[in-house]
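Quick note: the coordinates plus some simple rules give every number you see, no bench work behind them. What you see is a predicted model, and the numbers here were worked out from it, not measured in a lab. Don't worry about glycine lacking a Cβ; one is built from the backbone with ideal geometry, like all the others, and counts go over all protein chains shown.
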Amino acid sequence: MSPRDLHRTRGLPVLEEALILAVDDTPANLVALERVLGSIEARIIRASSGEEALALCLRHRFALAILDVQMPGMDGYELAEILLGDPATSRTPIIFMTAAFFDERHIFKGYVTGAVDYIIKPYNPEMLQAKVRVFLELAQQRQQLEQMLIERNRALDASEDRFDDLFELAPQALLMGRPDGSIQQSNVAAAALFGYSQEGLKACQIGDLLPDFRLSAAGLPASTLENTADLRDLGEVPTWTARRRDGGTLRVEVRVSHTEIGGQTRTLISVTDVSERVRAFESVQRSLREKEVLLKEVHHRVKNNLQVVSSLLGLQSAKSTAEEVQVILEDCVGRVRSMAIVHEQLYGSDSLSEINLGEYVRSLGDILCGTYAAGTRLVVNADENVKVSIEVATPLGLLLNEIITNALKHGLLPRQLERRRRTGPHCDLLIEIRSGAESTDIVITDSGPGLPENATRQNSTSIGMELIRGLSRQIGAALSFHSEDGLQVALKLAPACAD
């Protein structure tokens, strides 16, 4: 049953249809926003410019406005200032959305302008839906109170009994407070919530029932200002501690409004018990933390087990007298070690599903240089924060292990030779990682003589080359070779593989 139908069946004023104003000069963004908010009981009215939005505000009363920051002509900030400066729209909550202006200066400007939130694209659809529902609920409650007050003012000429009836029968716990913090009146729901009789509540102060909630001299919740920024970041409505007569505590949401009855200003405090919701949220948070700890431990143990395998292979290689067997075992040690580094990176990272590609390549390159060619001048130039998922990191690590190992074994020339080097005079092995919108490119360049003419052909029977081609296909990377003035191996990863 919708809120409007629910109010109709209870004999309460019927709420107007909730309207959301969506302003963006890009039609596709408006369509996407409509789809995200499709499950919310509200009608979205589009505007493609600030001027069109102002015209719509003359015809409609909006419960919420979602504004794009960057628009031609009148931008989002200018539109917000006009809306908040007009008494007819000054109470409409405003949310800014932008994909371009996400620096601290613009976010601060958005809040100073008067927005209730500043969302950076891409955004979490569920989080946006939750925020919109909260603001629509506030708008509906405000609308309900406004309609109640209108009807009450009409009846005040005859009697104040109508207001008392509505107050008493409201399903929400309501307290009528005086400026000094004492309680003038309460309803049955409030008495049940706090465990007092209605007469007993009159002897209490608001601070006795809500110890961490204080009303300022103007009747506003003084501590809200201290918590607003953090609560906005969390996407949550403020919650407070409520103390019952028996000493028990609850977590509640508190809303404050003001009205004038019989020439006196009264503060109406609405209290909602959300203890179960808070407990459920805390339980989910604990569960997530436990899973993160468990997953980190799994990565740690996998890394340790791979290091044990690597050590066993190393011991076997040391005991073997056959040079060919030693070479094979050493190659296996390198491959196992490349996988171990993936789990080592995941264990030490804030994310348990992806690794920093630049840091991984530096670690792998340093270890391989120490193993096969001590003193090699290795340079790794990588864009910041190039990430790869764990599904891609393991095969990519094996692929890079093969390419770097081959370069260290066969692709280095003595430094004293007078010869042009693709890597430059002060570098023996160069690894470059560049991330773009279309792809992420990894280029490994050595200073050696390059490959023989037929070494990169598809019919090559070299085990190393077969591994390189097979692993490239596995991660969907385009592979190419350039053999002039040193071998250069280039890998082009699709955007889905690297972020």
(request) Return the subset of LYS387/LYS409; LYS109/LYS492; LYS131/LYS492; LYS131/LYS387; LYS109/LYS131 for which the Cα-Cα distance in this structure is over 32 Å, preserving the input order. (result) LYS109/LYS492; LYS131/LYS492
(message) Starting from 0.36 nm per residue, how many nanometres of slack lie between ASP273 and ASP212 once their C-alpha separation is accounted for?
(response) 20.4 nm
(message) Quick one: 3J(HN,Hα) in Hz for the range 422-434, Karplus 6.51/-1.76/1.60 with θ = phi - 60°, rounded, Gly and Pro as x.
(response) 5, 7, x, x, 10, 9, 9, 9, 10, 10, 10, 10, 10
(request) Estimate the FRET efficiency between GLN307 and CYS427 by the formula 1/(1 + (r/R0)^6), using the beta-carbon distance for r and 25 Å for R0, to the nearest 0.05. (result) 0.25
(request) Sticking with the crude label model, points 7 Å out along Cα→Cβ, report the distance from ASP75 to ARG61 in nm, one decimal please. (result) 3.3
(message) Just to be sure I understand the model, the point goes 7 Å from the Cα along the line to the Cβ. What's the resulting ASP383 to ALA99 distance in nm?
(response) 1.6
(message) What distance in nm lies between label points placed 7 Å from Cα along the C-beta direction at LEU479 and SER320?
(response) 2.3
